[in-house]
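What follows draws every value from the coordinates through simple rules; no lab data is involved. Small disclaimer: the values here were computed from a predicted structure and weren't measured. Glycine also receives a Cβ, built like all others from the backbone with ideal geometry; neighbour counts cover every protein chain displayed.
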Amino acid sequence: MPERLAQTDPFTQVTEMVGSGPFKFVAAEYQPGNQVVYVKNTDYVPRQEPPIWASGGKVVKVDRVEWHVIPDDTTKLSTIASGEADWWENPAPDIWPALSQNADVALAVADPLKTSGCIRFNWLHPPFDNIKMRQAVQMVVNQADYMAAYAGDKKNWNVCASVFTCGTPMASDAGAAALTGARDYDVAKQLVKEAGYNGEKIVVLDAVDQPLIHAEALILGDELKKLGLNVEIASSDWGTVVTRRASKKPPAEGGWNIFETGWVGADTLDPSNNVMLRANGDGAWFGWPKDDRLEALRTEWLNAGDTETRQEIAAKLQQRAFSIVPYIPTGQFVNKTAYRKNIKGMVESPALFLMWNVEKT
């Protein structure tokens, strides 16, 4: 960001978009919700080393990149099949078989770290301001149900009973029985009774245009009803969910009780960047949990001087998280991207970095 823009008052919106360095944003061709255009920045000098995720040399090999927003999956499928489009960023798993049948299209793993789903509670309002209610829901969540509903074939997903990305240094099985043990509705119903739940409506946000979130909402809704809870699935688009989840009002006044989302593996590597583990009340991520012990463990982890000590602290932090339940992980799945085979040089990473190193032959 140019210095003159970086010095903008933090409460004033920045309205001039200039691009990313390697590319320039073409403001004249911007169509909100439809098209974004970037062109090569001929004045940009990249580093010399190969690109690795967001680091290394950002070499631009095409003159122009157009992003087109197409809501309908069938249209996207025909567009890439015909060659009108070169790349589909994030097709859902139920589209993968159709894409794999096209000899001109490559279906590739987009992120080596996989992605996880989650259920997020609102701690500000009943009934999930009560720890026993959160524990009751955790007691009946079966990750395999969530993953099968979204990712289908078992080869596309795995159970991951950790608040840190499975397969990375901070992941462990500390407290994992909360998600891997037998699902016990009787015990969960007793917790609901002890919490004093008296039939108040529970608003579950559902983004119908986001396949993962929609699948999670439907499975969760069924589980909550089996617990005898009064559930309302508030279905809308993702933009509406994003707006509503920021509200701290009671659910009856436009707030919410639960929403679902997903995180790429890089977002949940450790306590420094997993925002769902922040428990500093009003300063926390949507849901606003408050727990001094969780915050103290995070600070202790940040101040630790070696990996072994951090792993020990991370295990304690995970046990605490499974006890107080700021959120519930719903499993881990592969993310795939699809592009025509005349496209070369994709950087495999947790995000698509605006097509540097990519060329079209």
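Listed values, structure above:
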item	result
GLU348 long-range amide H proximity, modeled H, under 5 Å	none
Stretch gain in nm, segment LYS155-ASP184, where the contour uses 0.36 nm per residue and the Cα spacing is subtracted	7.7 nm
C-alpha long axis of helix 307-324 to longest principal axis of the chain, angle in °	60 degrees
Under the Karplus curve 6.51 cos²θ - 1.76 cosθ + 1.60, θ = phi - 60°, whole-Hz ³J(HN,Hα) for the stretch 231-241, x wherever Gly or Pro sits	10, 10, 8, 8, 8, 6, 8, 4, x, 5, 4
Stretch gain in nm, segment ALA103-SER55, where the contour uses 0.36 nm per residue and the Cα spacing is subtracted	14.1 nm
FRET efficiency estimate (nearest 0.05) - Cβ-Cβ, SER78 to GLU312, R0 51 angstrom	0.45
Vicinal HN-Hα couplings computed from phi for the stretch 194-205 (Karplus, 6.51 cos²θ - 1.76 cosθ + 1.60; Hz; Gly/Pro x)	5, 6, x, 4, 10, x, 5, 5, 10, 8, 9, 6
Residue order, fewest to most beta carbons within 10 Å, for LEU124, LEU5	LEU5, LEU124
Residue-wise HN-Hα coupling along the stretch 31-48, computed from phi with Karplus coefficients 6.51, -1.76, 1.60 (Hz; x: Gly, Pro)	10, x, x, 9, 8, 10, 10, 10, 10, 4, 8, 6, 8, 7, 10, x, 5, 8
Per-residue Cβ neighbour rank within 10 angstrom, fewest leading, LEU297, LEU269	LEU269, LEU297
Amide H within-cut-off set for LYS290, under 5 Å, with H built and near neighbours excluded	GLY281
Proxy reagent accessibility, fewest Cβ within 10 Å first, across TYR30, TYR38	TYR30, TYR38
Degrees between helix 131-140 axis and first principal axis of the chain (Cα, 0 to 90, nearest 10)	70 degrees
Spatially proximal aspartates and glutamates relative to LYS248 (Cα-Cα < 20 Å; intrachain offsets below 8 disregarded)	ASP129, GLU200, ASP206, GLU232, ASP237, GLU260, ASP282, ASP291
Amide H contacts under 5 Å for ALA110, placed H, 5+ residues apart	ASN335, LYS336, THR337
Net length gained if the chain between ILE233 and ALA246 were fully extended (0.36 nm per residue, minus Cα distance)	2.9 nm
Crossing angle, helix 292-303 versus the chain [Cα axis fit, 0-90 degrees, rounded to tens]	40 degrees
The chain - Cys residues lacking any other Cys C-beta under 4.7 Å	CYS118
Helix-only [θ]222 nm of the chain, DSSP H runs n ≥ 4, -39500 (n - 2.57) each, per residue, nearest 500	-8500 deg cm²/dmol
Set LYS76/LYS344; LYS225/LYS316; LYS132/LYS155; LYS132/LYS249; LYS76/LYS226; LYS225/LYS249 screened for pairs whose C-alpha atoms are more than 29 Å apart	LYS225/LYS316; LYS132/LYS155; LYS76/LYS226
Theoretical FRET efficiency, 1/(1+(r/R0)^6), r = Cβ-Cβ of ALA304 and THR12, R0 30 Å, to 0.05	0.20
